[in-house]
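As structure tokens, the structure follows; a few thoughts come after it.
Every read-out reported here was derived from the displayed coordinates using simple, explicitly stated rules and does not represent laboratory data. Predicted model only: the values in this text are computed from it and were never measured. Cβ sites come from the backbone with ideal geometry, for glycine too, and all protein chains shown count toward neighbours.
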Amino acid sequence: MSWHTNAIFYELYPRAFADGDGDGHGDFAGMRQKLEHLQWLGVDCIWLTPFYPSPLKDDGYDVSSYYGVHPAFGQLEDFKMAVEEIHRRGMKVIIDLVMNHTSDQHPWFKEARRSKDSPMRDFYVWSDTQNRYRDTRIIFLDTETSNWAYDEGSGEYYWHRFYSSQPDLNYDNPAVREEMLNTIRFWLDLGIDGFRIDAIPYLFEREGTNCENLPETHQYLQELRRFVDQHYPGRVLLAEANQWPQDLLPYFGEPGAEEFHLCFHFPVMPRLYMAIAREDRESVVRIMTETPPIPEGTQWATFLRNHDELTLEMVSPEDRKFMWDYYAPESRQRLNLGIRRRLAPLVENDRRKIELLHSLLFTLPGAPVLYYGDEIGMGDNISLPDRNGVRTPMQWSNAENGGFSTARPDALYSPVINDPVFGYTQVNVESQREDAESLLQTIRHMVLTRKNTAVLGLGRLEWLHDLPKETLCFWRKDENGAFLALHNLSARPITFALPEFEPGYEDLLKTGEIVRETIALPAYGYRWLLPR
Ligand code: GLC
């Protein structure tokens, strides 16, 4: 079994994690000093969000050079030392690769926009009208009104799927395809374990389509995977494709035409929150039932929150309205088709719901991806624009700046959360490590227990259907054995009969306790059981 099929991932925002040189920005030197926390937590693989040179108009997802490090994070040498230290601590590291677009400050684009005859013109997608590709949706709905932006200097429009400061690369141009393989080679040569590849459904454009998931895109991704397998066997590729399960399946590819080792399972995420809000398992059961089996050696990557808004793209308009009304009653909590809040505030900091959601994350199929700060229940800062409110400094201790940086507070890239509930004096790593009952200790216990329970890697899912709709109970089964996960999605205690099993079940989280016949789950309670 390859490591990635049963790994715990941790999404780390380098700018927000730890500041080593006291300039108010997180950096590789700071990160290195804090890796012990991740090793202790049981993380197998760190995913680093972009740290490339960038004007930071989309927090680094606007790359102005694929071959370096933004000076705020340090030098390439600091990156290498961080990778070495991650490996020394027995963890792996994948990095974000933003291949769909660059920054408009990338030298390629600066040259391309110089004139229609620029030798780099064809690196991007140009048009003399805005009427091409009309069937393509706009993703950043709150800011952009078109996927075309007019370039005054050269008198044509360029194509962009995200901000207009992020022109899309033209993958019909073989030189672009080759440049991206060079980029991949450069970073894999530095010893990283793979990539999380950003925004992959949008690489190609074709008239008369919605310009997503095109056959040309899949063909290129297969080429890319062949390149990686041939030169760097064992490295992994994780796809960010916010799509329905049936459209995600092709991103795993097929034997002989592989694409990704892992794909984020976007649609299940909002349904976990929906299930708790409605006290009804139906939406989760339905989406998991609609999720097709995936090829051997591949895995879903699952998550509760990430650095973006909690996306509601993969739900019906009615469900989206329900989610907005329930979880984002204030309009400023909404962004594009989503909710710009962190996990703990979403569930009113209700410890029972935070644990319940993590229990679902760790027991349903998929490799869990934690978002930095959620392990201690960090809050958000809704007064910051865009998605910045969920990207505030990591809260390490109750020292000034939450122990994130020694800079003056007004020099930080973002204020530290400092409100009475989620502020760093209340919520921080240090105090939760000292407290055996803390959220951090509980999540770590779940992580370590999951890692010792092999069936949770690839075991097949079997629902317990005969129970009240307020429960979400299922088996995971394979040659490693069986595992029974029980969840109460409601605010009322529920008692029900367990499937018969002699002599009983061992409660995995409360070591040693044996459970028989009936079980009583408190409000939002959960249990992990192993037949004995
Ligand atoms: C992905 C990233 C998001 C970014 C966008 C454009 O969706 O997760 O943060 O803004 O791509 O690169």
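For segment 433-484, what does the alpha-carbon gyration tensor say about shape, rounded, prolate or oblate, given a ≥ b ≥ c as the root eigenvalues, a/c under 1.5 as rounded, and a/b over b/c as prolate?
Working: a/c = 4.43, a/b = 1.49, b/c = 2.97.
Oblate.
Please give the per residue volume of the convex hull enclosing the alpha carbon atoms of segment 222-313, rounded to a whole number of Å³.
Numbers: hull volume 9.4 nm³, N = 92.
Here the figure is 102 Å³ per residue.
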Hand me the GluC sites (Glu not before Pro) from segment 273-317 located in a DSSP loop with no more than 12 other Cβ atoms within 10 Å, in residue order please. Glu290, Glu296
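Take peptides 194-202, 297-305 and line them up by average Cβ neighbours within 10 Å, highest first, as a rough protection proxy.
On the way: 194-202: 23.8, 297-305: 21.6.
Ranking, from highest mean packing down: 194-202, 297-305.
How big is the dipole moment of the chain about its Cα centre under a simple scheme where the beta carbon of each Lys and Arg is +1, that of each Asp and Glu is -1, and everything else is neutral? Debye, nearest 20, please.
Working: 55 positive and 81 negative charges, 165 e Å.
For the chain, the charge dipole is close to 800 debye.
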Taking every DSSP bridge whose two residues both lie in segment 163-297, the antiparallel percent to the nearest 5 is 25 percent
Mind pulling the angle between the C-alpha long axis of helix 317-327 and the longest principal axis of the chain? Nearest 10 degrees, somewhere in 0 to 90. 70 degrees
Calc'd 3J(HN,Hα), segment 31-45, phi into Karplus 6.51 cos²θ - 1.76 cosθ + 1.60 (θ = phi - 60°), Hz, glycine/Pro = x, comes to 4, 4, 6, 10, 5, 4, 4, 6, 4, 4, 5, x, 5, 9, 8
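With a cut-off of at most 12 other beta carbons within 10 Å, and DSSP calling the residue loop, which GluC sites (Glu not before Pro) in segment 117-221 qualify? Please list them.
Numbers: sites: Glu144, Glu152, Glu156, Glu178, Glu179, Glu205, Glu207, Glu212, Glu216; in loops: Glu144, Glu152, Glu205, Glu207, Glu212.
Here the GluC sites (Glu not before Pro) that fit, given the DSSP loop and packing criteria, are Glu152, Glu207.
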Nearest 0.05, what FRET efficiency do Leu467 and Lys110 give at R0 = 60 Å with Cβ-Cβ as r? 0.50
Contact order normalised by residue count of segment 370-509, Cα under 8 Å, 6+ apart, percent: 15 percent
Please list, ordered by chain and number, the residues whose modelled amide H lies under 5 Å from the amide H of Gly338; skip anything fewer than 5 residues away on the same chain. Leu312
About the Cα centre of segment 283-425, what is the dipole size in debye to 20, counting +1 per Lys and Arg Cβ and -1 per Asp and Glu Cβ, all else neutral? 120 debye
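Under the rule of -39500 (n - 2.57) per DSSP H run of 4 or more residues, summed and divided by the residues of the chain, what mean residue ellipticity at 222 nm is obtained, to the nearest 500 deg cm²/dmol?
Values: 15 runs with 144 residues, N = 532.
Rounded to the nearest 500, the figure is -8000 deg cm²/dmol.
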Using only Cα atoms, tell me the angle between helix 268-278 and the longest principal axis of the chain; keep it within 0 to 90° and round to the nearest 10. 50 degrees
Computed ³J(HN,Hα) along segment 253-261: with the Karplus parameters 6.51/-1.76/1.60, θ = phi - 60°, integer Hz and x for glycine or proline, the list is x, 9, x, x, 9, 5, 10, 9, 7
Estimated FRET transfer efficiency when R0 is 30 angstrom, pair His231-Arg206 (beta carbons, to 0.05): 0.50
Out of residues 5 or more away from Leu370 or on other chains, whose amide H comes under 5 Å of its own, with H placed 1.01 Å from N in the peptide plane? Phe9, Tyr10, Glu11
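Once you keep just the Cα pairs under 8 angstrom separated by 6 or more residues, what percentage relative contact order results for segment 195-253?
Details: 50 pairs, mean separation 25.2, N = 59.
Computed value for segment 195-253: 43 percent relative contact order.
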Taking the Cα centre as origin and putting +1 on Lys and Arg beta-carbons and -1 on Asp and Glu beta-carbons, what dipole magnitude results for segment 94-173, to the nearest 20 debye? 60 debye
Which distance in Å, rounded to a whole number, links the C-alpha centroids of segment 346-371 and segment 224-302? 18 Å
Gyration tensor (alpha-carbon) shape descriptor, segment 2-53, a/c threshold 1.5: oblate
DSSP beta bridges in the chain, what fraction antiparallel, as a percent rounded to 5? 60 percent
Under 16 Å between alpha carbons, and skipping anything fewer than 8 positions from Lys321 in its own chain: which lysines qualify? none
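A 21 angstrom limit on the alpha carbon distance is what I want to check against. Which of Lys34/Lys57; Lys92/Lys477; Lys353/Lys469; Lys451/Lys477; Lys34/Lys510 exceed it? Display every interim value, and only then the final one.
Values: Lys34/Lys57 27 Å; Lys92/Lys477 27 Å; Lys353/Lys469 17 Å; Lys451/Lys477 15 Å; Lys34/Lys510 29 Å.
Pairs exceeding the cut-off: Lys34/Lys57; Lys92/Lys477; Lys34/Lys510.
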Quick one: what are the phi-derived ³J(HN,Hα) couplings along segment 426-431, Karplus 6.51/-1.76/1.60 with θ = phi - 60°, whole Hz, x for glycine and proline? 8, 10, 7, 4, 4, 5
Suppose a student asked you for the relative contact order of the chain, using Cα pairs under 8 Å spaced at least 6 residues apart; what percent would you report? 13 percent
Looking at Asn349, Gly366, Asn336, which one has the Cα that reaches farthest to the positive end of the dipole of segment 327-372 (charges on Cβ: Lys, Arg +1; Asp, Glu -1)? Asn336
So how tilted is helix 76-88 from the main axis of the chain? Cα-based, degrees 0 to 90, rounded to 10. 20 degrees
Unit charges at the beta carbon, dipole of the chain: most positive-side option, Gln166, Asn381, Ala239: Asn381
